[in-house]
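K.L.:
Following this message is one structure expressed as structure tokens.
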Amino acid sequence: MRNFSLYMMFTGILIIAISGNWIILNYDNVTVYPKTSYVIFTIGLVFVAGAFVMSRFTTYRETASTNDKRDALNRWLMANYPVNKWLIGLAVLPLVIAPFYSWLLLYTLFKWYLIVGSMIAGIIFVLQGERVEDDADWQYKGKTKKMLDLIDYRKHPFNISLILFILVIGSFIFSKQWNIPLHMDVGGNPYYVVTLPISASVMSALMVMSTFIYIIHHGDFFGFLKAGLSYERVMAAHFGEIFMCSPTLCLLIFTWIISLSSYW
């Protein structure tokens, strides 16, 4: 039952990431978002929350199998990522064909490649290395420990990236519902180095990685056995949040201030 809840959580976070990015990438293409888009996004949230409750009230059953796919992954990584050339060709083929239809299609495919590729890279980062890691160097006490426990993604899947991603998607949806255009400055001479849609989309990959930290720390996942991750993995996620969540939050606040000031 524990493993089922974790598969359910992984499905939920993927639904959140995919449906949320669809909402972000189609902001300029719709007048009002179809109800299905945010219903699917909500279903993903329910999956994650429900799976978390299930995982807390179920116990992990140690498997008798010693065949851990992590060993094969580590060998593949040590061999400098040997990949079949035909697979690379099939992956790149859509990008080659896309310009013959439209440059917009190429741009859209490239963004999805970036999002999915970042998610896969994040999951591989969590899975690589030893199954049980030493946490001796991350012993804290007092208020520091209490604060770090709140953002320890081995204990819960409600990471900062997820919370901020929900705020971004909610902003996009209510912007259309209330007819308040979000001035994200995606063309011409931009005010910012990165735009809100790009920042939020890349952040969604970090969200998936952070949730996966909880998943693999609490159960088996498609042949990868339950791993005792060290706080170093969590700190890597926090390091990514500094670079992605901070600018995304600032961009979201500035976007709403500019949009509301223009609206009123």
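K.L.:
Conditions first: (1) exposed (fewer than 13 other Cβ atoms within 10 Å of the Cβ); (2) polar (S, T, N, Q); (3) over 25 Å from LYS155 (Cβ atoms). ASN26 passes all but one, so which condition is the exception?
P.N.:
Unmet for ASN26, out of (1) exposed (fewer than 13 other Cβ atoms within 10 Å of the Cβ); (2) polar (S, T, N, Q); (3) over 25 Å from LYS155 (Cβ atoms): (1).
K.L.:
Looking only at the stretch 130-147, which residues are in contact (Cβ under 8 Å) with a residue 12 or more places away in the chain and either buried (at least 17 other Cβ atoms within 10 Å of the Cβ) or among the aliphatic types (A, V, I, L, M) (or both)?
P.N.:
Once the filter is applied, which keeps residues that are in contact (Cβ under 8 Å) with a residue 12 or more places away in the chain and either buried (at least 17 other Cβ atoms within 10 Å of the Cβ) or among the aliphatic types (A, V, I, L, M) (or both), the stretch 130-147 yields only VAL132.
K.L.:
Quick check on my filter: what residues within the stretch 29-64 are hydroxyl-bearing (Ser, Thr, Tyr) and surrounded by 12 or more Cβ atoms within 10 Å (Cβ to Cβ)?
P.N.:
Within the stretch 29-64, TYR33, SER37, TYR38, THR42, SER55, THR58, TYR60, THR63 qualify.
K.L.:
Looking at LEU148, LEU95, which one is under 30 Å from ASP68 (Cβ atoms), at pLDDT below 85 and either of a type in the set (Phe, Trp, Tyr) or part of a helix (DSSP H, G or I) (or both)?
P.N.:
Answer to the check: LEU148.
K.L.:
Only one of LEU77, LEU87, LEU106 is without any contact (Cβ under 8 Å) to a residue 60 or more places away in the chain and in contact with a helix residue (DSSP H, G or I) (Cβ under 6 Å, 6 or more places away or on another chain). Can you tell me which?
P.N.:
Of the residues listed, the single one that is without any contact (Cβ under 8 Å) to a residue 60 or more places away in the chain and in contact with a helix residue (DSSP H, G or I) (Cβ under 6 Å, 6 or more places away or on another chain) is LEU106.
K.L.:
Any idea how many residues of the stretch 222-258 are outside any helix (DSSP H, G or I) and either out of contact with any helix residue (DSSP H, G or I) (no Cβ under 6 Å at 6 or more places or on another chain) or without any contact (Cβ under 8 Å) to a residue 40 or more places away in the chain (or both)?
P.N.:
5
K.L.:
Can you pull out the residues in the stretch 12-36 that are farther than 15 Å from PRO181 by Cα, part of a helix (DSSP H, G or I) and free of Cβ contacts under 8 Å to residues at least 40 places away in the same chain?
P.N.:
GLY12, ILE15, ILE18, SER19, TRP22, LYS35, THR36
K.L.:
Let me ask something else. Condition first: closer than 29 Å to ASN26 by Cβ and either touching a strand residue (DSSP E or B) at 6+ places or on another chain (Cβ under 9 Å) or among the small types (Gly, Ala, Ser) (or both). Now tell me which residues in the stretch 66-110 satisfy that.
P.N.:
ALA91, ALA98, SER102
K.L.:
On to the next question. Please work out which residue is farthest from LEU109 (Cα to Cα), limiting yourself to the stretch 76-92 and to residues that are in a loop (DSSP other than H, G, I, E, B) and among the aliphatic types (A, V, I, L, M).
P.N.:
ALA79
The values are calculated or read from the model by the stated rules, or taken from the named source; none is laboratory data. All values reported here derive from a predicted model rather than from experimental measurement. Positions of Cβ are backbone-derived with ideal geometry, glycine not excepted, and every protein chain shown enters the neighbour counts.
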